[in-house]
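Written below as structure tokens is the structure these notes are about.
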Amino acid sequence: MEPDDIDNDQKPEPGSPELDLWIAALTLYLGDARRCYEGKTSWSAPAGPAREALQDILSEGPILRRLCGFAGVDPHWLYEKFMESLPEMANFGKTG
């Protein structure tokens with residue numbers, strides 16, 4: 001799904017508070033996934049939602065695509081950068 005496929009007639013304008021909000025939501029989502037991957041969850045991010053975030057990112061799932069769509073970020077690019085940021089996962093899915 002491309003960002004233009006998001007059924008949202010009023011995408012946030014660059015520099016708008018709405019865009020800042022979507023970027024913050026995406027940042028928190030990535031943080032939850034990272035904490036789950038590292039085995040560190042806090043009372044504010046129980047293992048269930050953090051695990052769901054990690055699974056969704058690893059599958060380039062619908063939540064990642066939706067958050068990226070609203071934040072104006074390519075979900076596949078973000079997936080690749082997330083994978084590269086995890087030392088053990090840097091070569092996950094790569095062949096040859």
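Observations on the structure shown:
- Computed extension gain for SER16 through SER85, at 0.36 nm per residue and net of the alpha carbon distance, reaches 22.0 nm.
- The Rg/Rh ratio of segment 22-85, with both radii computed over alpha carbons and Rh defined as the Kirkwood radius, is 0.94.
Every number here is computed from the coordinates shown, using simple stated rules; none is lab data. The structure displayed is predicted, hence computed values, not measured ones.
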